[in-house]
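See below for the structure under consideration.
The values are calculated or read from the model by the stated rules, or taken from the named source; none is laboratory data. Please read these numbers as outputs of a predicted model, since none were measured by experiment. Counting neighbours? That spans all protein chains shown, and the Cβs are built from the backbone with ideal geometry, glycine included.
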Ligand code: CS2
C-alpha cells in the first residue's frame, strides 16, 4: 500500500465502483492535483484483492461504446482489505483521521433494512451478529458503527458516509440503520453520529456488466497487459450527490459530478425509468430466452413494450428533475440499452428481485393506483417475476433464482395459488399486496404468461 495518502475507504469494492466512482474521483483529483487515494474493503471474500494484487491494485476500465473501445489504467486504488479475515484492520483503516469519506456499494441487501419500511431489520442474521459482537462486525452498517465509535473515542472528526447504491433516499436508509445500531450499543454514540457525521443522498448511473474473458482479451490487445482485474462499462455516466459533506472532498464537480441540494427527483427518474425497465427486461427476457438487454431490445416486441411502459405508466407519475426532459431521458436510455458492445446479462439483473422491485416497480404501481392511471404493464413485470421465481424459462430450461428471500419466494411461486402467495409477502409488497385491482391485473398477466409465454404476450401487446 504505497502511492500516497488514503483519504477514502470504500466498502464493497466490486466491479461497479471500480468502473464508475474510482475513475471519476481520479479524474476529479487530477484537476487540482490533490491526492485522494482509496482503500477498498471487501465484506465477503478475498477474490477481488487476489485478482488486483498482481498489478499492485492498478486495473483497467474498458469502455465499450457503439463507436469503439478504449482502456484506461486506473491507479487510485491503494489496496484491498478483506474484512472477514481481519475486521479490526478494516475498522482501524476506516477510523484513520486522514480518511474523510466512507463510501459504499454493497447492493440493496447490504443495508440490512426492511425495503417496505426503510427500518433496520432486527431479524437479519448479520445485524443480530453485529449487535452481539460490535467489535468484529460483518455487515456494512456494523463496520461503519464500529469505525465511528473508534473515531469518537480518538477525538477525530466525523466523516461523510456516502451510499452509492440504487435505493431511494440511500443516505437516509444508511443513516437510519447506522443510528439504530449505534443507539443499541450506546445512545451517546448515536447522538455523536447525529451531530458529526453526514449521509448525503446520491444517484449513481453507469451500466457495468460482469467482466468476461473477451473483455480481458480486449485489454490485452489494446495495451499488451493481461489484466484479470479488468472492469467494463458503457460510455455514459451520471453522478448526482446531495451537497452535505461533513469534511474535505475531491473537486468532483470539476469533472462533471452534479452536487445539488435535492437528489430525489434525479433518483426517482433513474430508479423508475432505468432500473424499472431493466428489471422488466430481465424477468421477461429470462422467460423468453433473451440472454442480454441488447438482444432483448433488438426484438421489436420488447422495445415496443419498454417504450409503452415508459410513456403510459412510468413517466406520467414523475416530476422531471431540473433541466431534464423525461421523454428525451427515456430515448437516451433506449440507445444505451441497444449498445451492442455491452453484453449485460438479463440473469445478472434478475438477481435480488425482492430488494429491487419495491423502488423500481411497486412505488410506480402505488402512485398509479392512487391517481387512477393504468398499471397493466407494471403488473405484467410483477407476474413475470413470479413466473421467473419458479426457476424455469418458458422453454422449460432451468434458470437460477438468486435472492435473499429465495426460499420463501420459490416455495410461494410453486404453490397452488402463486399470485396470492407471492403478493402476500409483506417485506416486498406491504399493503399493496392486498389491493384488489392490482391483484386482478397481476393474475390476468400471470395467466397470459402461463398460457402463451412472454414472447407471445409481448407480441400481442403491440
Ligand atoms: C441493474 C443496475 O443489475 C441491476 O439491477 O439494473 O445495476 C443498473 O445497470 C445500474 O443501476 C445502471 O446505473
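Do we find that residue 445 is within 19 Å of residue 283 (Cβ to Cβ), assigned to a helix (DSSP H, G or I), touching a helix residue (DSSP H, G or I) at 6+ places or on another chain (Cβ under 8 Å) and at pLDDT below 95 in this structure? I'd like the intermediate steps shown before the answer.
Details: within 19 Å of residue 283 (Cβ to Cβ): yes; assigned to a helix (DSSP H, G or I): yes; touching a helix residue (DSSP H, G or I) at 6+ places or on another chain (Cβ under 8 Å): yes; at pLDDT below 95: no.
It is false that residue 445 is within 19 Å of residue 283 (Cβ to Cβ), assigned to a helix (DSSP H, G or I), touching a helix residue (DSSP H, G or I) at 6+ places or on another chain (Cβ under 8 Å) and at pLDDT below 95.
Identify the residue in region 412-431 that is surrounded by fewer than 19 Cβ atoms within 10 Å (Cβ to Cβ) and within 26 Å of the chain's Cα centre (by Cα) and, among all such residues, is farthest from residue 286 (Cα to Cα).
Only one residue tops the list, namely 431.
Would region 367-375 turn up any residue that is assigned to a helix (DSSP H, G or I) and either at pLDDT below 95 or within 15 Å of the ligand (Cβ to nearest atom) (or both)?
no
Each row is one residue, and each column tells you yes or no for (1) more than 18 Å from the chain's Cα centre (by Cα); (2) assigned to a loop (DSSP other than H, G, I, E, B); (3) more than 16 Å from the ligand (Cβ to nearest atom).
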| position | (1), (2), (3) |
| --- | --- |
| 226 | yes, yes, yes |
| 246 | yes, yes, yes |
| 267 | no, no, no |
| 270 | no, no, no |
| 274 | no, no, no |
| 285 | yes, no, no |
| 294 | yes, no, no |
| 305 | yes, no, yes |
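In region 307-340, how many are within 28 Å of residue 62 (Cα to Cα) and part of a loop (DSSP other than H, G, I, E, B)?
Here the count works out to 2.
Could you pull out every one of the strands (runs of 3 or more DSSP E) wholly within region 1-105 that has 3 or more residues that are within 23 Å of the chain's Cα centre (by Cα) and crowded, with 20+ Cβ neighbours inside 10 Å?
Filter on region 1-105 gives 6-11, 37-42, 59-65, 77-82, 101-104.
Just checking, which of 343, 347 is within 20 Å of residue 286 (Cβ to Cβ), within 14 Å of the ligand (Cβ to nearest atom) and assigned to a helix (DSSP H, G or I)?
On the way: 343 fails: assigned to a helix (DSSP H, G or I).
Of the residues listed, the single one that is within 20 Å of residue 286 (Cβ to Cβ), within 14 Å of the ligand (Cβ to nearest atom) and assigned to a helix (DSSP H, G or I) is 347.
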